[in-house]
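Worksheet: one structure, shown below.
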Amino acid sequence: MLLAVQGEVLGRTMLVSADLATSRLVRPFDHALKAVSSFCLVYPQRPSASAR
């Protein structure tokens, strides 16, 4: 899926369906892959001092 030609993202259709419906995101290919595993987002509770 592409957003304003700024790159690509892999995502679950159910999480981006509203953006697809309004054309905020576009699907560059008709083919979709079915995920067989889960994904987790891991991030620190606070940004590190170098990220501020």
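Per residue of region 27-42, in order, report the coupling 6.51 cos²θ - 1.76 cosθ + 1.60 (Karplus, θ = phi - 60°) as ³J(HN,Hα) in whole Hz, putting x for Gly and Pro.
Couplings: 9, x, 10, 6, 7, 10, 9, 8, 6, 10, 9, 8, 10, 10, 9, 10 Hz.
Can you list the residues of region 23-37 with backbone N under 19 Å from a point 7 Å past the Cα of Ser17, pointing along Cα to Cβ?
23-28, 30-36
Here, each number is a calculation from the coordinates, and none is a lab measurement. Owing to the predicted nature of the structure, the values given are computational and were not obtained by experimental measurement. Every residue, glycine among them, receives a Cβ derived from its backbone with ideal geometry; neighbour counts consider all protein chains shown.
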